[in-house]
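To keep things clear, I will list the structure first and then write my remarks on it.
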Amino acid sequence: MESSKQHELTEEAASWLVALDAGSADRDAFERWRSADIRHAVAFNEVAATWGSLDALRPLRGLQADDPRTLPVPQPLQRGFMTRRRFTGAGIAAGLAAVTVGGWSYNAFARRTVSTLIGERRSVRCFGSLSVDLNTDTRIAWRERDSIRKLWLRRGEAAMAVDASQPKPIDLITPSGRFILQPGLYNARLRAASCELTVLEGSGMIMPIRRVVLAGQTAVYTGSSLSIHDADPLSLDRIRAWRRGNIVLTGESLDYAVDEYNRYLSRKIIIADPGLSRMRLGGTFAITDLVGFLQAIRASFGIRAFTDASGSIILTRA
Amino acid sequence: MSWLRDIDRWFVSSVLPHANSYKAKAAFLCSVSEADDVVQDAYARVLTVADYRSISNPRAFVLAIVHNLAIERLRRSKVVRIDYFASLEVLDVADSAPDAFAITAGRSDLDRLLRHIEGLPPQCRRVILMRKIDGLSPAVIAEQLSISLSTVEKHIAKGLVLLTKSLREDGRPKDHLSTLWKARSNTN
């Protein structure tokens, strides 16, 4: 809770900063105010930090109205000054390099990072020409510097749409390997030691060896070993399915189904009876409808589910 | 910005970005309502360190100050329950707890800033954006909006105050931390 004293200090500090910025401040008087109490110096620095972070807005200058790559802003912003401009924070922020103001770099903006919690999904627009859809428990970062656009996939799974509007490819960097993505649509999923990149449209190149991955192919790259094969229709279905919030099963084992669901759950499903693991399941299930899934396996196979003391979901034979 | 000394630049670039962590730690040890005071006290201490350049990990340094200040506060408080001190033994675990805040900061920094700007009074927002996006000088802004120069400066100052305040409070511990707090109380 901010005390009134704190509020006063912040107001004083802001007045000083504005006066200094306008050139109307008495420098000596300012220095005296600042050294009078250490809390004056603290308040001034907090206000100066806000002032500096506002500089990150500079790239917004000159943005064209009705740019089709931008998204509509929430209602309140549409009145007043911003009426002519349509943008999202993430989209604009994307092209930023580190901002240097009067000698100090505000490094917080040098590389943008976005992540999703377990079970969360997010879409962000990076660079204006790249849209990324993050699946559960996923982490990405991006940065543009000297016209080279880099996207780091640190964790999880992401679908990427690279616009043809700009000729620059995207440099996708994962713990297992690097890919250059031409305009197109891609899905990248990180597993324990590998990255699985599926090219839906467009083409990618695996670096540094320069092997090309074409539309309809999947590359599994561990950094030391590589396999490129035609993506089977089922795995393409699965990629489309997660984007729509579904898990698609076509005869996989219960183990597999549970592993897939567990990606989206903080409290995991545990198969208590090893004999159940090998049961084969088919069907499309909504990720958010865990109860529906559990009811289906109960009806089909007589598998019971109960919650234990820690909140895990235990599956046993009925 | 020549009005920042070297120590100020260091403070802004190395100390302030972790404000959420400091606040989370303070709230964890004391209470949410005292967290701001504790963090402000910590900032005051940090800004008096003469040899700040030799601090290898500013975030950890400030977290340690917050820790000590919070403990002092607990000891001085007359309302302290006796079992607080028993739970203080587990403080090594508590050191990592505030990092949980990084999770809630999945919202990128600029998204946050833009949200707060959105919440400013209209004229205030207009002036701030003319100054900071379009880079217009206060004099030109005054002319374009047909208001006085001092009014322009007042709007900028007001916007700065409101934004600094809302950015500071954005790190305010919400459900996640109170869940942690409850969990710790239950284990006592």
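For B:ILE55 and A:GLU201, a Förster radius of 45 Å and the Cβ-Cβ distance give a FRET efficiency of 0.35, rounded to the nearest 0.05. Multiplying the residue separation of B:GLU118 and B:GLU143 by 0.36 nm and removing their Cα-Cα distance gives an extension gain of 6.6 nm.
Please give the FRET efficiency for A:LYS268 paired with A:SER3, using the beta carbon to beta carbon distance and R0 = 56 Å, rounded to the nearest 0.05. Once rounded, the FRET efficiency stands at 0.80. What region A:204-258 shows is 50 Å² of accessible area per residue, with the surface traced by a 1.4 Å probe over protein heavy atoms.
For the residues B:LYS165, B:LYS25, a 1.4 Å probe over the protein chains yields an accessible-area ranking, largest first, of B:LYS165, B:LYS25. When B:HIS116, A:HIS229, A:HIS7 are compared by accessible surface with a 1.4 Å probe, the order from highest to lowest is A:HIS229, A:HIS7, B:HIS116. Counting 0.36 nm for each residue step from A:ARG304 to A:GLU120 and taking away their Cα separation leaves a gain of 63.6 nm.
The heavy atoms of B:GLU118 present about 50 square angstrom of accessible area, all protein chains included, probe 1.4 Å. Largest first, the residues A:TRP16, A:TRP242, A:TRP152 sort by 1.4 Å accessible area into A:TRP16, A:TRP152, A:TRP242.
Going by the alpha-carbon gyration tensor, a ≥ b ≥ c the square roots of its eigenvalues, is region A:154-282 rounded (a/c under 1.5) or, if a/c is not under 1.5, prolate (a/b greater than b/c) versus oblate? Taking the square roots of the gyration eigenvalues as a ≥ b ≥ c, region A:154-282 is prolate.
With Cα atoms as the point set, region B:1-71 shows a radius of gyration and Dmax of 12.1, 38 Å. Database remark: amide H of A:LEU130 closer than 5 angstrom to the amide H of A:ASP163 (H placed geometrically; neighbours at sequence offset of 5 or more, or on other chains; Pro and chain starts carry no H). Distance between the 7 Å Cα→Cβ label points at B:GLU169 and B:SER31: 1.9 nm.
Spin-label pair B:GLU72-A:SER227: with each label point 7 Å from Cα along the Cα-Cβ axis, the two points sit 6.2 nm from one another. Net charge dipole, region B:1-76: roughly 140 debye, given to the nearest 20, about the Cα centre with Cβ charges of +1 for Lys and Arg and -1 for Asp and Glu. One chain, two ends: A:ALA215 and A:THR288. Fully extended at 0.36 nm per residue, the span grows by 23.3 nm beyond their Cα-Cα distance.
Loop-located trypsin sites (Lys or Arg not before Pro) in region A:159-225 (DSSP state other than H, G, I, E, B) with a sparse environment of at most 12 neighbouring Cβ atoms within 10 Å: A:ARG191, A:ARG210.
The values are calculated or read from the model by the stated rules, or taken from the named source; none is laboratory data. Every value quoted in this text rests on a predicted model; they were computed, and no experiment measured them. Here Cβ is always computed from backbone atoms with ideal geometry, including for glycine, and neighbour counts include all displayed protein chains. Surface areas here come from the heavy atoms of the whole protein model, side chains and all, with no ligands, DNA or RNA. Shrake-Rupley method; radii C 1.70, N 1.55, O 1.52, S 1.80 Å.
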